[in-house]
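Here the structure is laid out as structure tokens; the discussion comes afterwards.
The values are calculated or read from the model by the stated rules, or taken from the named source; none is laboratory data. Treat the numbers as computed from the prediction; the structure is a model and nothing was measured. Virtual Cβ from ideal backbone geometry, glycine too; neighbours counted across all protein chains shown.
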Amino acid sequence: MNLADAIRTIPDYPKPGIMFRDITTLLGDARAFRRAVDEMVQPFAGQKIDKVAGIEARGFIFGAAIAHQLCAGFVPIRKKGKLPHKTLSAEYALEYGTDVIEMHLDAVLEGERVMLVDDLIATGGTAEAALRLLRGAKAEVVAAAFVVDLPDLGGAELLRKLGVQVSALVSFGGH
């Protein structure tokens, strides 16, 4: 099974020239979803991973399933204002402007080994902000895993330059 075949491409969404990689078709295919989770877990089976941090919203889907498989806790990284307790915040750049993500102050403990998960890595802005949150809480980010990498946009390379082991199941050129 080629996981790329389970991902629908929608041309010109959300604007002309963008090839949107829609993972909802992969999620709806039980075999493809199971394989994606298994392949994201496999490199870390037998390693000590204390927490899996998933980036809102699709990172929650994969991150929770991976945390279950690794017998690890799950940490939601959310958009500003969505978490009810004291938070750490990190701002990141968007195409036009900035946004903020947050994590509960007590979501990770100093020295905990954390795996960062999301469905897609493009420019890496959100993932880099999540990395700052986790490192700000003194967690050890052992890896970042994504279903889809858009390498032309440089996000995975950005994380590697920041010392993070990055893996992705599928790579699509262009954007």
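Points worth noting:
- Pair list, Cβ under 7 Å, 6 or more apart: region 35-59 residue modelled with pLDDT of 95 or more, other residue loosely packed, with under 13 Cβ neighbours inside 10 Å and in a loop (DSSP other than H, G, I, E, B): R35/M1
- Candidates G28, G59, G63, G54: the one that is surrounded by 13 or more Cβ atoms within 10 Å (Cβ to Cβ), farther than 19 Å from L150 by Cα and of a type in the set (G, A, S) is G63.
- Residue check: A107 meets all listed conditions (1) touching a helix residue (DSSP H, G or I) at 6+ places or on another chain (Cβ under 8 Å); (2) farther than 19 Å from G155 by Cβ; (3) surrounded by 13 or more Cβ atoms within 10 Å (Cβ to Cβ) but one, namely (1).
- Hits in region 99-143 (condition: polar (S, T, N, Q) and either part of a strand (DSSP E or B) or modelled with pLDDT of 95 or more (or both)): T126
This table checks each residue for (1) farther than 28 Å from G136 by Cα; (2) within 16 Å of the chain's Cα centre (by Cα).
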site	(1), (2)
I7	yes, no
I23	yes, yes
Q47	no, no
I55	no, yes
I66	no, yes
V75	no, yes
Y92	no, yes
E95	no, no
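- For the condition in contact with a Leu (Cβ under 6 Å, 6 or more places away or on another chain), among the hydrophobic types (A, V, I, L, M, F, W, C) and over 25 Å from N2 (Cβ atoms), A32 does not qualify.
- Residue tally, condition among the small types (G, A, S) and part of a loop (DSSP other than H, G, I, E, B), over region 164-173: 1
- Residues of region 144-163 classified as assigned to a helix (DSSP H, G or I), among the charged types (D, E, K, R) and closer than 22 Å to I61 by Cα, total: 0
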